[in-house]
Structure formats: structure tokens, C-alpha cells
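The values are calculated or read from the model by the stated rules, or taken from the named source; none is laboratory data. Since this is a predicted model, take the numbers as computed values, not measurements. Counting neighbours? That spans all protein chains shown, and the Cβs are built from the backbone with ideal geometry, glycine included. Just the protein is used for accessible areas: all its heavy atoms, side chains included, with ligands, DNA and RNA removed. Shrake-Rupley method; radii C 1.70, N 1.55, O 1.52, S 1.80 Å.
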Amino acid sequence: MKNDMRVIRTKRAIRQAFLTLLTEKKYENITVQDIAREAFINRNTFYTHYIDKTDLLEKLSNECLDDLKKCLAEKNIPELDDDLLYTIIKDVLNTIEMNAGFYRSMMIDSDSAFFTEKLATTLKDIVYPYISDSTGQEKDLFIEYLISGFIGIIRMYLKGDIKVSIEKLSNFFFNFIHQNPYSLFLKNT
């Protein structure tokens with residue numbers, strides 16, 4: 001049991017060190033030595049837990065995205081209705097908020113586009129079963145449009161360009177989906 005706690009603390013220190021470094025440097029410029037120094041461990045300890053910094057990044061990314069999937073998998077509702085749609089939007093934003101440091105590091109502070117692609121794929125997998133197949137090819141286009149917009153909003157939120165609560169942000173995106181986006185550009189007459 002004592003060793004398990006030591007391993008947990010060491011991994012937590014490594015991950016926190018990595019996240020801290022991501023706010024200071026580009027991913028490409030971070031070395032294992034930098035991570036070890038920041039975590040107050042030696043390099044051999046790092047290699048006991050991870051193959052290299054790419055392995056660390058991959059595992060951190062997968063954990064965050066697994067959290068996202070879990071929060072939505074628990075719903076297990078076969079049909080998408082307005083209540084479920086709003087809940088999905090809010091749960092995704094809450095989960096991202098809980099790991100905001102990591103998401104900010106990966107989507108804003110880093111040049112690492114692979115995480116944004118993984119996030120997009122995860123969100124598409126979540127939404128895909130709820131969209132009607134009757135739309136044919138348009139289904140893929142609609143999902144791409146929806147997820148790209150949602151990721152753009154997430155990026156704005158993480159950058160601090162949008163200073164609202166998760167509740168208000170969820171309402172905004174929910175209402176945006178329900179409106180014809182073109183109508184937002186039309187003058188009220």
C-alpha cells in the first residue's frame with residue numbers, strides 16, 4: 001500500500017510538472033530532464049513510469065478524454081431531446097472546466113494540434129449516434145460544423161475571451177444550435 005501511494009504521488013508530481021512546463025514552454029522544447037527537475041525527481045524515476053514525454057502526453061490526453069466520455073456514458077439515454085442535449089453541453093463544459101489547466105495548455109498555450117483533433121474525435125463519437133441517419137452525407141457535415149463551433153467556443157472560454165459561467169455558456173451554445181445561425185446576422189425588422 002505504501003508503494004502504491006508513493007507511485008501515485010510521483011505520477012501526480014510528474015504530471016503537474018509537465019503541465020507547469022507547458023505554460024512556460026512549447027511542448028517541443030520540453031525535455032524529460034526539465035520535467036524531472038520540475039517534479040523534484042531524477043530521470044530514472046520518470047522512465048520508471050513513462051517511456052518518454054510523448055507517452056506522458058498521450059496518457060494525460062487519454063485520461064482527460066476518458067473523463068469526458070465517462071461523464072456522458074452514465075446518461076445512457078437512447079434518444080436525444082432538448083434536456084439531454086443541454087445536459088451533454090453542460091457536462092462537457094463542466095468536465096473541461098475541472099481540467100481547465102490541461103485543456104488550456106493543450107489547446108491554447110501549446111502548438112500541439114493533435115489534442116484538439118483527439119477532442120474533436122471524442123466529441124464526434126459522443127454526438128454521432130444521436131444525429132439522424134436520414135440526412136446521409138449531410139450528417140457528417142453537420143457534425144463537423146457543430147463540433148468545430150463548439151471547440152471554437154471552448155478555446156475562446158479557455159483563453160478568457162468569454163467571461164461567463166458554464167451555465168451561461170451552456171445556454172448560449174444550446175440556443176445557438178436551436179437557431180438558424182444565419183438569423184443572428186439579420187437585422188431585426
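Observations
- For Lys25, a cut-off of 12 angstrom between C-alpha atoms picks up these aspartates and glutamates, skipping any fewer than 8 places away in its own chain: Asp34, Asp109, Asp111.
- Extension gain, Val7-Asp81: 0.36 nm per intervening residue step, less the Cα-Cα distance, totals 22.3 nm.
- Chain lengthening between Arg37 and Lys163 when straightened (0.36 nm per residue, less Cα-Cα): 41.9 nm
- Point-to-point label distance, Asn29-Phe114, nm (Cα→Cβ direction, 7 Å offset): 2.0 nm
- Net length gained if the chain between Glu138 and Glu63 were fully extended (0.36 nm per residue, minus Cα distance): 23.8 nm
- Members of Lys26/Lys139; Lys53/Lys168; Lys70/Lys159; Lys139/Lys168 lying beyond 31 Å, as alpha-carbon distances in this model show: Lys26/Lys139; Lys53/Lys168
- Heavy-atom SASA rank of Ile30, Ile126, Ile51 (probe 1.4 Å, accessible area, largest first): Ile51, Ile126, Ile30
- Converting phi to 3J(HN,Hα) with the Karplus coefficients 6.51, -1.76 and 1.60 and the offset θ = phi - 60°, region 10-20 yields 5, 4, 4, 5, 5, 5, 5, 4, 4, 4, 4 Hz in sequence order, with x at every glycine or proline.
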